[in-house]
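Novice: The structure that follows is given in the form of structure tokens.
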Amino acid sequence: MQIKRYKKDFVYSYALGASPTIELLENRPNDCIRIIYSPDYSDKVGLAELCAKHDIELEDNQRLINMLSQKENCYVIGVFHKREYKLEKNAPQIVLDNTSDMGNLGTIIRTCVGFGVNNLALIGGADAYNPKVVRASMGAFFHVNLEYFASIQDYIKSHGENRELYAFMLEAEHELTEVKPCEIYSLIFGNEASGLDYNIYKDIARGVKIKHTSSIDSLNLPIAAGIALFWFST
């Protein structure tokens, strides 16, 4: 396979950096195509052992590292197949409706995994397989089941049965501290700038807001998701 700088329509993507690549090798070795490393990488022996364990090609290629990663401190790159993993039916899920920032998406993935929520539904928005997302997640990307849906209605048809749906909106009637956490739920968040459409979500999910002072108009999306995940994990 000829490796080129990432484009959305590719069937493969990259884990940029040693930590995300190790997560790839340890959690999704069957998706891994090739590992590329710099001669300056310090733990070549450990990397070689992992690759040998899973029969994965290991290539010393500084030129390719430079082409694929525009960051000077990248010493290892994992090339992997882009594969959709279906969401677990009877488990908590996060739904992101048109989240557009790749850094935010990666941070939310890492936060989800940190609080034990390993199922992520995406409705439009950023390309979750982009190397920037994988890197921002610090490899937590390889712990999540990820599935795309055309609309919230399509998501509900597939996963709405026997679970509580909570839509986080500024116009919501209920504060987060009024919600009693349950076992099977979906936490729904919207776009960084526009949020969720109240007219769409008011009839299909319980509206929830996170109380804050009037000095700000809203919370940063990853912060709001982190607060909600913490509350529901207690």
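Novice: Charges at C-beta only: +1 for Lys and Arg, -1 for Asp and Glu. How large is the resulting dipole of the stretch 93-234 about its Cα centre, in Debye rounded to 20?
Specialist: Dipole about the Cα centre, nearest 20: 380 debye.
Novice: Would you mind telling me which residue in 155, 129, 166 has the biggest mean-square fluctuation in a Gaussian network model of the chain, where springs connect alpha carbons within a distance under 10 angstrom?
Specialist: Checking each option, the largest mean-square fluctuation is seen for 155.
Novice: Explain nothing, just the number: relative contact order of the chain, from Cα pairs under 8 Å at least 6 residues apart, as a whole percent.
Specialist: After rounding, I find 21 percent.
Novice: For Rg and Dmax of the Cα atoms in Å, pick the label among (i) 17.7, 57; (ii) 19.2, 57; (iii) 19.3, 60 that corresponds to the value derived from the coordinates.
Specialist: Correct label is (ii).
Novice: On to the next question. Compute, for the stretch 12-81, the length of the dipole vector about the Cα centre, with Cβ point charges of +1 (Lys, Arg) and -1 (Asp, Glu) only. Units Debye, rounded to 20.
Specialist: 160 debye
Novice: Ok, one more. ³J(HN,Hα) across the stretch 60-67 via Karplus (A = 6.51, B = -1.76, C = 1.60, θ = phi - 60°), whole Hz, x for Gly/Pro?
Specialist: 8, 7, 5, 4, 5, 4, 5, 6
Novice: A further question follows. For every helix of n ≥ 4 consecutive DSSP H residues, a contribution of -39,500 (n - 2.57) applies; sum these over the chain, divide by its total residues, and give [θ] at 222 nm rounded to the nearest 500 deg cm²/dmol.
Specialist: Taking each H run of at least 4 residues, the total per residue is -8500 deg cm²/dmol.
Novice: Follow-up. Taking the Cα atoms of the stretch 12-81, what is the range of coordinates along each of the three principal axes, in descending order and whole Å?
Specialist: 27, 25, 17
Novice: Order these by the 10 Å Cβ neighbour count, fewest first: 21, 177, 213, 111.
Specialist: Least crowded to most crowded, the residues run 213, 177, 111, 21.
Novice: Among bridges DSSP assigns within the chain, what percent are antiparallel (round to 5)?
Specialist: 30 percent
Novice: Taking the Cα centre of each part, how many Å lie between the stretch 198-225 and the stretch 140-154?
Specialist: Centre-to-centre (Cα) distance: 21 Å.
Novice: Restricting to DSSP loop positions (anything but H, G, I, E, B) with no more than 15 other Cβ atoms inside 10 Å of their own Cβ, which trypsin sites (Lys or Arg not before Pro) remain in the stretch 129-230?
Specialist: Qualifying residues, ordered by number: 211.
Novice: Still on this structure: Strictly over 23 Å apart at the Cα level, which of 8/86; 89/211; 8/202; 86/202 would you flag in this model?
Specialist: Result: 89/211; 8/202; 86/202 exceed 23 Å.
Novice: Compute the relative contact order of the stretch 47-127 as a whole-number percentage, counting only Cα pairs closer than 8 Å that sit 6 or more residues apart in sequence.
Specialist: Computed over the stretch 47-127, the figure is 28 percent.
Novice: Once label points are set 7 Å from the Cα along Cα→Cβ at both residue 203 and residue 61, what is their separation, rounded to one decimal in nm?
Specialist: In this crude spin-label approximation the distance works out to 5.4 nm.
Novice: Find out how many positive minus negative residues lie around residue 20, taking Lys and Arg as positive, Asp and Glu as negative, among other residues whose Cβ is under 14 Å from that of residue 20.
Specialist: Net charge around residue 20: +2.
Novice: Do you know the relative contact order of the stretch 12-81, to the nearest whole percent, from alpha carbon pairs under 8 angstrom that are 6+ apart?
Specialist: 54 percent
Every number here is computed from the coordinates shown, using simple stated rules; none is lab data. Since the structure is predicted, the reported quantities are computational estimates derived from the model, not experimental observations. Virtual Cβ from ideal backbone geometry, glycine too; neighbours counted across all protein chains shown.
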